[in-house]
Amino acid sequence: MQIITIHLNTRDIDAYFYPAANGNDKAPGIIFLHDLTGLQEVNHKTAQIISEGGFNVLVPDLYSEMGIRKYCVRVFFDEMVRNNQPNGNEPLAEIMEIVDHFKAFDEVDGDNLGIVGQCLTGGFILHAAIRPEIKAPVVFHHSLGRKGSGIPSGCSALIQNKIQGHFVYLDPFCPAGRIKKLEEELGDKLEKYMYALPHGIPHLFFRNGQAKKAFERMMTFFQSQLK
């Protein structure tokens, strides 16, 4: 694992890079985004296991420099961000910048990328899925995007690649109506799974049987979508 700095337009962020274990010159890349709780040990363990499967993995610390309080103020007090709009959404723009930096890494096959988001960062994945190089987008219960499906319908209509979605039956942060609407908009582009778990599935990857199944499904998705 390497600790690196990514220079964005408005600030620098720290990130943790896990090179693919297969040693190839180029391998697909996966960006794994943390949720509201910030970077946790489970994020690093997940990234390590994914990299052992032959993928380059980047784990950005989105709270770098500004910290959790300032980052969340910027999210929750901005209507454009709360509604997961494509424009005027600085946190989303930062994710797109991170994608651009990562795809330029010497080790990364920039045409074969995956990205994972959860809760706070889940809505960003729906926008990232519009990009043609993001061939393996995975969302765990998106909390932002409070209207409709969680992404403006004009944006969901642009999505071409399949999205894998993991949701829980009782979730105040990602209610059933939002999931149903997303399924209506995406049709067979959404590979949907439901779990009898609490919100925060990735935190349980290695502690719960259902969550372990979610992890295995995610890995299978990466292997099938990223050639």
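Rounded, prolate or oblate, given the Cα gyration tensor of segment 120-227, with a/c below 1.5 counting as rounded?
Working: a/c = 1.97, a/b = 1.15, b/c = 1.71.
Note, shape of segment 120-227 comes out oblate.
Using the Karplus relation 6.51 cos²θ - 1.76 cosθ + 1.60 with θ = phi - 60°, the per-residue 3J(HN,Hα) values for segment 86-103 come to x, 10, x, 10, 5, x, 5, 4, 5, 4, 5, 5, 4, 4, 4, 5, 5, 5 Hz, with x marking Gly and Pro.
Taking a straight Cα-Cα cut-off under 30 Å and skipping sequence neighbours fewer than 8 places away in the same chain, the lysines within cross-link reach of Lys103 are Lys26, Lys45, Lys70, Lys135, Lys162, Lys189, Lys192, Lys212, Lys213, Lys227. Exposure proxy for Ser149, Ser224: other Cβ atoms within 10 Å of each Cβ, ordered fewest to most, give Ser224, Ser149. Shown is the FRET efficiency for Asp111 and Glu90, computed with R0 = 25 Å from the Cβ-Cβ distance and rounded to the nearest 0.05: 0.40. The 3J(HN,Hα) values that the Karplus relation (6.51, -1.76, 1.60; θ = phi - 60°) gives for segment 166-174 are, in residue order, 10, 9, 10, 5, 10, 9, x, 8, 9 Hz. Gly and Pro appear as x. Here the gap between Gln2 and Asn208, fully extended at 0.36 nm per residue and compared with their Cα-Cα distance, gives a gain of 71.3 nm.
Quick one: dipole size for segment 2-225, taken about the Cα centre, charges +1 on Lys/Arg Cβ and -1 on Asp/Glu Cβ, in debye to the nearest 20.
Working: 22 positive and 26 negative charges, 176 e Å.
So the magnitude is around 840 debye.
Calculated from DSSP H runs of 4 or more alone, at -39500 (n - 2.57) each and per residue, what is the 222 nm mean residue ellipticity of the chain, nearest 500?
On the way: 8 runs with 79 residues, N = 227.
Taken over the chain, the calculation gives -10000 deg cm²/dmol.
Reducing segment 6-77 and segment 209-224 to their Cα centroids gives an inter-centroid distance of 19 Å.
Among Ala176, Met218, Gly110, whose Cα lies farthest out toward the positive end of the dipole of segment 2-225, if unit charges sit on the beta carbon of Lys, Arg (+1) and Asp, Glu (-1)? The residue sitting most towards the positive pole is Ala176.
Using mean Cβ contacts within 10 Å as the protection proxy, how do 133-146, 191-204, 28-41 order, highest first?
On the way: 133-146: 23.8, 191-204: 17.6, 28-41: 20.5.
Top of the packing list down: 133-146, 28-41, 191-204.
Packing around the peptides 55-61, 159-165, 115-121, 181-187, taken as the average count of other Cβ atoms within 10 Å per residue, puts them in this order, highest first: 115-121, 55-61, 159-165, 181-187. Over every Cα atom in segment 4-146, the radius of gyration and the widest Cα-Cα span, Dmax, amount to 14.3, 44 Å.
Go ahead and run the numbers for FRET between Gln160 and Glu183, Cβ-Cβ distance against an R0 of 25 Å, rounding to 0.05. Before the final figure, lay out the partial values.
Numbers: r = 17 Å, r/R0 = 0.67.
After rounding to 0.05, the efficiency reads 0.90.
Dipole orientation for segment 2-225: of the candidates Ala157, Ile6, Pro60, Ala157 has the Cα lying most toward the positive pole (charges on Cβ; Lys, Arg +1; Asp, Glu -1).
Throughout, read-outs are computed from the coordinates displayed, never taken from laboratory work. Computed from a prediction, not measured in an experiment: that's the story for all the values here. Backbone-built Cβ (ideal geometry, glycine too); neighbour counts: all protein chains shown.
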